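The block underneath contains the structure these notes are about, expressed in structure tokens.
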Amino acid sequence: MPKVGEPMTRDDGMLQSRTATPWWQRAIIYQVYPRSFQDSDGDGLGDLKGIATRLDHLVGLGVDAVWLSPVYPSPMADFGYDVADYCGIDPRFGTLADFDALTTAIHARGLKLILDFVPNHSSDQHPWFLESRSSRTNPKRDWYIWRDPAPGGGPPNNWLSHFGGGAWEWDAHTGQYYLHSFLAAQPDLNWRNPDLRTAMYDVLHFWLERGVDGFRVDVVWLLIKDDQFRDNPPNPAYREGQTSRDKLLSIYDSDRPETQGIIQEMRAILDSFAGDRLLIGEIYLPVDRLVAYYGRDLKGAQMPFNFQLINAPWHAAGIAKIIDDYETALPEGAWPNWVLSNHDQSRIGSRIGQAQARVAATLLLTLRGTPTIYYGEEIGMVDVPIPPDRVQDPAEKNQPGLGLGRDPERTPMPWDASVQGGFTTGTPWLPLGPDHATVNVAAQRVDAGSILALYKRLIALRRSHPALIDGAIALVKAQSAVLTYERRHGSERIAVLLNLGHDEQRVAIDDGSVLLSTHLDRADERVAGEVVLHPDEALLIRLSR
Ligand code: GLC
Ligand code: MG
């Protein structure tokens, strides 16, 4: 145990010891939304120095890698996903020196650091775009996607923005439209231009040389657009109430074959650095298309983010099928990964309820593959209702009332029961949850029954049982509301039983003993032939043979 005042470090050597396995296959990734993690200067916005003061929490939790959502200079039209300088730090988050200090502190704890890389679009305030829009003959004109109006006038084609409305913005000064898959303040970069590619690869070098261990690449499946700019066809399955973008099938503005070449080039850059640098891709596609992003010969992204659990109805049979289909679709040698929540999605406790959030944590941390935990899920944060006058997210402002706003899942992390939860001494940019007197780190740290304690138990168990990391997954089954599977490694067999319902369930099972229950009272209980699951209970059972 570290002494008081001595920084905690990951000292079990897990990340270093097994040379054959890259660190990220044994790791748990933790996503920090920097604006909301910890404020150090009272401006109500989280910052890098703040994050540095909270590393003990991550070490205590037992995670291995920190992914930071963007901290680059940005007008914040999309809260940092509109980058105005790919090689800097926004003053609201700190300085490059603060970044280097944080990197050093993270590495000193035995943790890894993953940055968000946003290559599909920049801010309209990026100097490259200011040049590009200055004249048709500017050398950077072709770094963005400019097109003439359609023959009869109007936008060049029917493509739509992910944030509502058309994807083309008219530029009166030069008499052309530019493409923006998101806000007009986020013009799409032209990845068909070799100079742009080189400039963006220089960005990767810049951060890799500073010591980052990998990148989560934003909307990587959108990077390349159809070279003929064909119209997207109508979506025959469109229903009233869906977003305007759902009216079309995204055939020509996403998942184009040429994207794979770019990802391979990014990967090759990462591979030219020592230390198994990690490429994660943000990809919302059906499983059969998702797995293509591992790349030919697995030379694409090592972890194309698997979001299948995010939109899954919470039913045992459906989730069993998701697991089976994903495992079956994985290319030979590809490593799986699972995500429950992120900064774009309603929190798990709001989707399925707080009791089931504990079951979901057990699922996430016992499936085969690298889990990613979104900050605050470990204390059971739920979506926070945002009063209309405090709405920040353009997704809500542009298409109000469709439930597209992402502020509710981006609220400040409550560290203690004080007025602003220990997050800030000022006024937080979004309100803390009304439940933060109990849903906070300090309260849960001393409560053995808390979801935080459950996360810690699960992570510790994962670390001490090779079956849960290296093991195969087998016998994925649904028995009414109960999802079951086994993890196996050598002679060890661990059965995972997840009651996804609110009724007691009986499940037939081989003899064994309880390793963990989401309900505290069952450790070491013997089971023989049958086990009773409480409502909303998850069990891990070590089978005797
Ligand atoms: C990704 C980010 C999201 C952002 C969008 C545009 O989906 O996760 O937060 O709004 O890209 O950059
Ligand atoms: Mg601050």
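Structure data summary
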| quantity | calculated |
| --- | --- |
| Subset tally (residues that are assigned to a loop (DSSP other than H, G, I, E, B) and crowded, with 23+ Cβ neighbours inside 10 Å) for region 46-58 | 2 |
| Options Gln356, Gln392, Gln345: the member that is within 16 Å of ligand 2 (Cβ to nearest atom) and touching an Asp or Glu at 6+ places or on another chain (Cβ under 9 Å) | Gln392 |
| Scan of region 487-500 for residues that are over 10 Å from Arg542 (Cβ atoms), free of Cβ contacts under 8 Å to residues at least 60 places away in the same chain and not aliphatic (A, V, I, L, M), ordered by number | Arg488, His489, Gly490, Ser491 |
| Count - residues of region 323-346 that are farther than 18 Å from Glu378 by Cβ, among the aliphatic types (A, V, I, L, M) and crowded, with 20+ Cβ neighbours inside 10 Å | 1 |
| Listing of helices (runs of 4 or more DSSP H) fully contained in region 435-540 that carry 3 or more residues being modelled with pLDDT under 95, in contact with a strand residue (DSSP E or B) (Cβ under 6 Å, 6 or more places away or on another chain) and not aromatic (Phe, Trp, Tyr) | none |
| Inter-residue pairs, beta-carbon under 7 Å, first assigned to a strand (DSSP E or B) and in region 62-86, second among the basic types (Lys, Arg) and open to solvent by 10 Å² or more (accessible area, probe 1.4 Å), 6+ apart | Ala65/Lys112 |
| Residue, most open to solvent (accessible area, probe 1.4 Å), within region 87-103, restricted to residues that are in contact (Cβ under 8 Å) with a residue 60 or more places away in the chain and assigned to a helix (DSSP H, G or I) | Asp100 |
| Test: Asn120 is without any contact (Cβ under 8 Å) to a residue 60 or more places away in the chain and in contact with a helix residue (DSSP H, G or I) (Cβ under 6 Å, 6 or more places away or on another chain) | no |
| Verdict on Phe206 being closer than 30 Å to Asp100 by Cα and within 16 Å of ligand 1 (Cβ to nearest atom) | no |
| Residue list for region 347-357, filter: surrounded by 22 or more Cβ atoms within 10 Å (Cβ to Cβ) and either touching a residue at least 60 places away in the same chain (Cβ under 8 Å) or of a type in the set (A, V, I, L, M) (or both) | Arg347, Ile348, Gln356, Ala357 |
| Residue tally, condition under 30 Å from Arg463 (Cβ atoms), charged (D, E, K, R) and under 21 Å from the mean Cα position of the chain (by Cα), over region 53-111 | 2 |
| Selection status of Val476, surrounded by 15 or more Cβ atoms within 10 Å (Cβ to Cβ), among the aliphatic types (A, V, I, L, M) and closer than 27 Å to Arg351 by Cα | yes |
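Yes or no, residue by residue, for (1) farther than 23 Å from Val66 by Cβ; (2) more than 16 Å from the chain's Cα centre (by Cα):
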residue: Leu278; (1), (2): no, no
residue: Gly281; (1), (2): no, no
residue: Val287; (1), (2): yes, yes
residue: Pro304; (1), (2): no, no
residue: Gln308; (1), (2): yes, no
residue: Gly318; (1), (2): yes, yes
residue: Asn337; (1), (2): no, no
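The values are calculated or read from the model by the stated rules, or taken from the named source; none is laboratory data. Just so it is clear, the model here is predicted, and its values are computed rather than measured. Ideal geometry is used to build each Cβ from the backbone, glycine not excepted, and the neighbour counts take in all protein chains shown. These area figures cover heavy atoms from the full protein model, side chains too; ligands, DNA and RNA do not enter into them. Shrake-Rupley method; radii C 1.70, N 1.55, O 1.52, S 1.80 Å.
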